[in-house]
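Below is one structure, written out as structure tokens; comments come after it.
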Amino acid sequence: MDDITIRLGLGSFEAKVISDLVSEGKTVFSISELAEKSGSRAKAREIASKLTRKKWLERIGKGVYLVLELGAGSKPEWTADSYYIASKLVDQYYIGYYNMLNDYGWTEQISMTVSVATSKKLKSREIHGVRYNFIALARNKFFGTNKKFIS
């Protein structure tokens, strides 16, 4: 019974806010996006804090939260796409290095590390078994990139 996470109940407003975000495909969202739903940043921070304590959200970055879906069961470790999570952790970035070898089909090996080049210095972290390494580059090194839609 030690490894089971018991989620506490949701209030009606909390349920509405979280279901609205998920229905819009925002399984990872910022406090700003939550503020649009709740009416103010202060209310958004309060809701995020409560939902994190109740085990419905997990804080994965400064002001960035991951919805721990009901379908994940009693020990929610299921997570959104790792590239999607990376896109929510930093503003200016690209995913590269070994990750792109697989993305372009040049290797069949799937890395459990996401290499994120960014203009900001950030500490590497692990989120649900996936390591995120942030490589700080000068802004002038961001060229020749392709935008790719992540669903």
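Within segment 11-34, residues that are touching a residue at least 24 places away in the same chain (Cβ under 8 Å) reach partners that are among the polar types (S, T, N, Q) with beta carbons closer than 7 Å, at six or more positions or on different chains, in the pairs 17/38. Which residues, counting only those in segment 101-120, are open to solvent by less than 40 Å² (accessible area, probe 1.4 Å), modelled with pLDDT of 85 or more and over 23 Å from residue 32 (Cα atoms)? Passing the criteria: 114, 115, 117. Could you go through segment 68-90 and let me know if any residue there is farther than 27 Å from residue 139 by Cα, at pLDDT 80 or above and either open to solvent by 30 Å² or more (accessible area, probe 1.4 Å) or of a type in the set (A, V, I, L, M) (or both). Yes, there is a match, as at least one residue in segment 68-90 is farther than 27 Å from residue 139 by Cα, at pLDDT 80 or above and either open to solvent by 30 Å² or more (accessible area, probe 1.4 Å) or of a type in the set (A, V, I, L, M) (or both). Based on this model, can you work out whether residue 59 counts as open to solvent by 70 Å² or more (accessible area, probe 1.4 Å) and under 23 Å from residue 91 (Cβ atoms)? Yes: the conditions hold for residue 59.
Number of residues in segment 21-36 that are surrounded by 12 or more Cβ atoms within 10 Å (Cβ to Cβ) and under 20 Å from residue 85 (Cβ atoms): the value is 10.
The set of residues in segment 43-56 being open to solvent by less than 60 Å² (accessible area, probe 1.4 Å) and either modelled with pLDDT of 90 or more or assigned to a helix (DSSP H, G or I) (or both) consists of 44, 47, 48, 49, 51, 52. Residue pairs whose Cβ atoms lie under 8 Å apart, separated by 6 or more positions or on different chains, with the first residue in segment 36-63 and closer than 17 Å to residue 20 by Cα and among the aromatic types (Phe, Trp, Tyr) and the second open to solvent by less than 20 Å² (accessible area, probe 1.4 Å) and assigned to a loop (DSSP other than H, G, I, E, B), are 56/68. Would you say residue 7 is at pLDDT below 85 and among the charged types (D, E, K, R)? Judged against the criteria, residue 7 is a match. The single condition among (1) open to solvent by 20 Å² or more (accessible area, probe 1.4 Å); (2) touching a strand residue (DSSP E or B) at 6+ places or on another chain (Cβ under 8 Å); (3) of a type outside the set (Val, Ile, Thr); (4) modelled with pLDDT of 80 or more that residue 98 does not satisfy is (4). Report yes if residue 123 is open to solvent by 70 Å² or more (accessible area, probe 1.4 Å) and out of contact with any Gly (no Cβ under 8 Å at 6 or more places or on another chain), otherwise no. So residue 123 fits the description; yes.
The values are calculated or read from the model by the stated rules, or taken from the named source; none is laboratory data. Keep in mind that what you see is a predicted model, and the values were worked out from it rather than measured. Positions of Cβ are backbone-derived with ideal geometry, glycine not excepted, and every protein chain shown enters the neighbour counts. Surface accessibility is based on the protein's heavy atoms, side chains included, excluding ligands, DNA and RNA. Shrake-Rupley method; radii C 1.70, N 1.55, O 1.52, S 1.80 Å.
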